[in-house]
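Below is one structure, written out as structure tokens; comments come after it.
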Amino acid sequence: MHSVRAILVLFAALASAAPPANAQGAIALWLEAQGEVRPSVAPMTELAARAEFTLAPQARLRFFHFGTCTAVAVEGGSLEIGEAGYRTSAGGKVVAVEKRRCPARVSLAAAGAGGQTASGLVLRGEEKDVTYPPEPGFVLAGRGALRIAKAEVIGEGGGAATRVVLTLDGNRAVWPKGEAPLAPGGTYALSLLDAGGIELVRFAFKAGAEAATQEFDLIYVD
């Protein structure tokens, strides 16, 4: 009886000490894979905490880790990704680590009377002045991203008003081909709307003078 009770107490202690999977939301973004990776995940899929993968020899997996703001490529062996970091084993190795812009975190606006948003303001975290390239493109992550049906850039730059509807491709919002770039130094906003045309997020930024230096910028929508 005492041994059974001790086992139950130990089990309860371990259960309370271990946070539930995905308690803090997604912790990484699967970018691409080459070769056999198990389990297989679609590109730009968010990964939950304690994500584990097995890579065949010479197979390669790239992912973006939210906590360290790095794009990481691993080859072969086993990979475990957690909220604080990642590790390889069974012969796996890290072959590339690229520092990226940390995800911008925004919160959906609260709905007011008649379903209209009470505010277009956005919670932007620590960053005060955000600059994106003149042809910005974004990946929309987080549970709030499921509600986004339209993304557009609006604002003033170069003495002219701008409204550009971005092309939505899955969870990516891409600058339309043939559209003129934003004016360097201009003040703009990324507006995210739901299927009913209600604005959920308005995220202010400035346009830089240089083209994009990384493949995407991540917007995490709470």
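The values are calculated or read from the model by the stated rules, or taken from the named source; none is laboratory data. All of these numbers come straight from a predicted model, not from anything done at the bench. Here the Cβ positions follow ideal geometry from the backbone for every residue, glycine too, while neighbour counts run over all protein chains shown.
Structure data summary
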read-out	value
Residue tally, condition over 16 Å from G76 (Cβ atoms), acidic (D, E) and surrounded by fewer than 18 Cβ atoms within 10 Å (Cβ to Cβ), over segment 33-53	0
Which numbered condition A160 fails, given (1) farther than 25 Å from A26 by Cα; (2) out of contact with any Pro (no Cβ under 9 Å at 6 or more places or on another chain); (3) at pLDDT 90 or above; (4) not charged (D, E, K, R)	(3)
